[in-house]
Amino acid sequence: MNKSWEKEAVVFDEIYEGRGLVGKIPLLGPFIQRGIIERHNRALAFLQACGAQTILDLGCGVGRFAVAAARHGVTVYGYDISAPAIAQAQAAARQAGVSDRCHFLTADLLTVAFPPADAWFDLGCLHYLPDPAQVVQKLTHVPHLFSCLPLKGHWLSPLHYVYRTLLRGQKYLEFSEADIRRLLAAYPNLQIDRSGMVYYVTTVVAV
Ligand SMILES: C[S@@+](CC[C@H](N)C(=O)[O-])C[C@H]1O[C@@H](n2cnc3c(N)ncnc32)[C@H](O)[C@@H]1O
């Protein structure tokens, strides 16, 4: 279990509003903020495109996406290893009046068992796990997925490494398209789009 996420999971959410440490970095801060907002918006667009009624949010943090999804009438199971983040997610769901559709759990994705669902969402969590394949193999009963995975060898990779691993002590994985297809081999129909320093990966849905 990575203790470094205990507080970081809450602090991470500041990036959406351009606050915190990232908000203080000229040029790079806004670039990171735009990427995080793009991820959130793409996830919501995919949620609507795939027509899921029940979803799993892996590493849900303070529940920003989960609560937005629940506002669309979807039932959400949100998991995060950080208890303070889960407490905030529960409070956000109460405030938004969607507690009945939000089930938040403090849990390590590596050990938790997942219920039936129509889609799983990974907004920046799987690549922090030592072996994401261990989690994916517990998710193959879920037909749709949305994932956002860092690109192997991007020119910003060294900075990412300095910030995440050297300063925060958080190891993470980077991926090539071939790595992604190997990890998600249980899903033969994948759409993989590159944007900035990440790959957006979804199952193909009819439009
Ligand atoms: C980069 S943050 C993304 C948070 C949220 N998905 C978002 O986009 O705002 C990664 C999240 O993954 C969670 N996390 C990391 N390792 C985890 C694990 N093994 N099990 C569950 N959650 C984990 C962290 O606590 C953190 O909230």
Exercise for review: Could you list, in sequence order, all residues of the range 164-189 that are of a type outside the set (D, E, K, R), more than 18 Å from LYS138 (Cα to Cα), modelled with pLDDT of 95 or more and not in a loop (DSSP other than H, G, I, E, B)?
Suggested key: PHE175, ALA178
Check your understanding: Can you pull out the residues in the range 1-46 that are touching a His at 6+ places or on another chain (Cβ under 9 Å) and within 10 Å of the ligand (Cβ to nearest atom)?
Key -> TYR16
Exercise for review: Could you figure out which of (1) surrounded by 14 or more Cβ atoms within 10 Å (Cβ to Cβ); (2) more than 15 Å from the ligand (Cβ to nearest atom); (3) small (Gly, Ala, Ser) isn't true of GLY51?
Suggested key: (1)
Practice item. Please work out which one of (1) modelled with pLDDT under 95; (2) basic (Lys, Arg); (3) closer than 18 Å to HIS127 by Cα is the condition ARG39 fails and give its number. Key: (1)
Check your understanding: Of all residues in the range 115-132, which are in contact (Cβ under 8 Å) with a residue 40 or more places away in the chain, loosely packed, with under 13 Cβ neighbours inside 10 Å and under 16 Å from the mean Cα position of the chain (by Cα)?
Key -> PRO130
Check your understanding: Which one of these does LEU149 not meet: (1) of a type in the set (A, V, I, L, M, F, W, C); (2) buried (at least 18 other Cβ atoms within 10 Å of the Cβ); (3) assigned to a helix (DSSP H, G or I)?
Key -> (3)
Revision key, fill the gap. Per the list (1) more than 25 Å from ARG194 (Cβ to Cβ); (2) of a type in the set (S, T, N, Q); (3) away from the ligand (no atom under 13 Å from the Cβ), residue check on GLN134 breaks on (3)
Point to revise | All positions within the range 71-114 that are under 14 Å from LEU58 (Cβ atoms), without any contact (Cβ under 8 Å) to a residue 24 or more places away in the chain and of a type in the set (Gly, Ala, Ser) | key: none
Exercise for review: Give the residue, chosen from ARG34, ARG19, ARG94, that is within 19 Å of TRP5 (Cα to Cα) and of a type in the set (Lys, Arg).
Suggested key: ARG19
Exercise for review: Look at CYS50 and say whether it is among the hydrophobic types (A, V, I, L, M, F, W, C) and closer than 23 Å to VAL207 by Cα.
Suggested key: yes
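The values are calculated or read from the model by the stated rules, or taken from the named source; none is laboratory data. No experiment lies behind these values; they were computed from the predicted model shown. Glycine also receives a Cβ, built like all others from the backbone with ideal geometry; neighbour counts cover every protein chain displayed.
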